[in-house]
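Reading through the structure tokens given below for one structure.
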Amino acid sequence: MTIIEVAHLTQRFGATLALDDVSLMAHEGRTLGIVGESGSGKSTLVRAVLGLQRPDSGTLHVLGRPVDMGRRMPRDLRRAVQLVPQDPKHTLNPARTVRSSLWFHMAAQGIPRSERQSRAADVLAMVALTPEYLHAYPNELSGGLAQRIAIARALLGDPKILVCDEAVSALDKGVQAQVLNVLSDLQRERRLSIVFVSHDLAVVEHMSDEITVLRSGRVVESGPTTDILRDPADPYTAELLAARHATSRPETEQSCVL
Ligand SMILES: Nc1ncnc2c1ncn2[C@@H]1O[C@H](COP(=O)(O)OP(=O)(O)OP(=O)(O)O)[C@@H](O)[C@H]1O
Ligand SMILES: [Mg+2]
């Protein structure tokens, strides 16, 4: 089933064409990777998919329903599509405990008070954390822990789709691998769909069933990950591949305390 369908999105910022006729589809229970260099339009695309910004033209369907981008999405769709941001330390309020942040998020999603304690414990368990972290403040958390809390927060409303915008880019390789494993396990166990956005092709390749390559706001290539990597049709993808070979792949087997 197609869970997100974007068609012919165009977005201009002054002289910059941030998105140029971008179309893509994400499917239920699968990961769509979106890769491209800095400034290629990835976050602009993410904002449109989350309904946070109205592009100049184009259409968006989420779970088969048309979405009026730039207007607040209906609550059930807002619950269904959740963002895992790049830097959770910026999105977790430093003045609030984890508990307070999670409660705030649940209140916004209309989750009844009586369910919040058990829901919080559930989502922490999904990211392999114990409820003791409810009492922590963001500045007491490592980057990896903060990112797990951000994933837990995104899971509170039982979403269908996680949109991860450079969600592991700020983390060291070992910690990155841990967080990627948390995401892969979640996807397998809960049939989540993931839109995984990164400038790092090695990470995108590791996570994604399908890849869309963006360059200067245009889709230069899209298809199954294996096909794209075996035989990149666009010179830009070949360049990204060459750059990827210059760096190491994320190590997934190692286990370490975050
Ligand atoms: N609100 C805005 N106002 C003006 N220009 C913008 C705005 N948002 C994005 N841009 C421009 O649009 C282009 C695409 O930006 P975007 O943030 O989508 O790229 P990105 O692929 O997410 O980059 P990065 O990897 O650095 O996060 C860039 O040239 C950027 O400067
Ligand atoms: Mg970005």
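Within the full protein context, the accessible area of Phe13 is estimated at about 90 Å² for a probe radius of 1.4 Å.
Over segment 2-246, give the accessible area per residue in Å² for a 1.4 Å probe, as an integer. With the other protein chains kept in place, segment 2-246 gives 44 Å² per residue.
Tell me the mean residue ellipticity at 222 nm calculated for the chain from its helices only (DSSP H runs of n ≥ 4, each -39500 (n - 2.57), averaged over every residue, nearest 500).
That calculation yields -11000 deg cm²/dmol at 222 nm.
Put Glu37, Glu189 in order of accessible area, highest first, and with a 1.4 Å probe you get Glu189, Glu37. Of the residues His8, His206, the one with the largest accessible area comes first in the ranking His8, His206, computed with a 1.4 Å probe on protein heavy atoms. Here is the tail figure for segment 1-91: Cα pairs spaced more than 24 Å apart come to 18 percent of all pairs.
Among residues other than Thr2 with Cβ under 14 Å from its Cβ, the summed charge is -1 (Lys and Arg +1, Asp and Glu -1).
More than 28 angstrom separation, counting every C-alpha pair in segment 2-246; what % is that? It would help to have the intermediate numbers written out before the result.
On the way: 9349 of 29890 pairs.
Cα-Cα pairs in segment 2-246 separated by more than 28 Å: 31 percent.
Quick one: work out the % antiparallel among DSSP beta bridges in segment 2-246, nearest 5. Percent antiparallel among DSSP bridges in segment 2-246 is about 55. Which of these, Ile111, Ile149, Ile34, has the largest mean-square fluctuation under a Gaussian network model of the chain (Cα springs below 10 Å)? Looking only at Ile111, Ile149, Ile34, the largest GNM fluctuation is found for Ile111.
A simple spin-label model places the labels of Ala7 and Arg230 3.1 nm from each other, with each point 7 Å out along Cα-to-Cβ.
Across the chain, Cα pairs under 8 Å and at least six residues apart give a relative contact order of 26 percent.
Largest mean-square fluctuation among Glu28, Glu221, Glu115, in a Gaussian network model of the chain whose springs join Cα atoms under 10 Å apart, belongs to Glu115. So which residue, out of Ser142, Ser101, Ser40, gets the largest mean-square fluctuation from a GNM of the chain using Cα contacts under 10 Å as springs? Highest fluctuation of the listed residues: Ser142. Note on Arg47: accessible area approximately 80 square angstrom, rounded to 10, probe 1.4 Å, nucleic acids and ligands left out. Per-residue surface analysis assigns Glu5 an accessible area of about 80 Å², computed on protein heavy atoms at 1.4 Å probe radius. What is segment 109-190 by shape, rounded, prolate or oblate, if you read a ≥ b ≥ c off the alpha carbon gyration tensor as root eigenvalues and call it rounded for a/c under 1.5, prolate for a/b larger than b/c, and oblate otherwise? Because a/c hits 1.5 or more and a/b fails to exceed b/c, segment 109-190 counts as oblate. Hydrodynamic radius of segment 18-143 by the Kirkwood approach over all distinct alpha-carbon pairs: 16.9 Å.
The values are calculated or read from the model by the stated rules, or taken from the named source; none is laboratory data. None of the values given here were measured: they were computed from a predicted structure. Heads up, the Cβs are rebuilt from the backbone with ideal geometry, glycines too, and the neighbour counts pull from every protein chain shown. Just the protein is used for accessible areas: all its heavy atoms, side chains included, with ligands, DNA and RNA removed. Shrake-Rupley method; radii C 1.70, N 1.55, O 1.52, S 1.80 Å.
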